[in-house]
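Have a look at the structure below before the remarks.
What follows draws every value from the coordinates through simple rules; no lab data is involved. Computed from a predicted model, the values in this text were never measured in an experiment. Counting neighbours? That spans all protein chains shown, and the Cβs are built from the backbone with ideal geometry, glycine included.
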Amino acid sequence: MTAIKTLCIYCGSSPGRLETYTNVARHLAQAMVSRNINLVYGGASIGIMGSIADQVLQLGGQVIGVIPKALASKEIAHPHLTELHITESMHE
């Protein structure tokens with residue numbers, strides 16, 4: 001069986017109604033880093049997206065963000081990622 005090396009996670013750029021959502025994202029980040037699994041996500045520094053990215057980075061993991069140019073300033077692209085890819089569109 002091949003080990004998972006990278007996980008792409010889709011989540012919100014808002015914190016959601018319940019703090020539980022952010023807490024679960026942080027726990028998932030801890031589980032990923034403990035297993036040397038990198039994160040690919042939407043590239044924002046806010047909301048649940050920002051929380052999981054911050055936690056992975058804080059624990060020494062690798063984080064790759066992919067965000068459309070139109071959303072980079074609106075969603076506040078994360079400035080401290082391992083890699084940030086700004087695309088022309090959501091479809092790209």
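Laid out as a table, the results:
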read-out	value
In segment 44-81, the residues that are of a type in the set (Val, Ile, Thr) and under 11 Å from the mean Cα position of the chain (by Cα)	ILE46, ILE48, ILE52, VAL56, VAL63, ILE64, VAL66, ILE67
Count - residues of segment 22-49 that are more than 16 Å from CYS8 (Cβ to Cβ) and among the small types (Gly, Ala, Ser)	3
Scan of segment 47-92 for residues that are in contact with a Gly (Cβ under 6 Å, 6 or more places away or on another chain) and at positive phi, ordered by number	GLY47
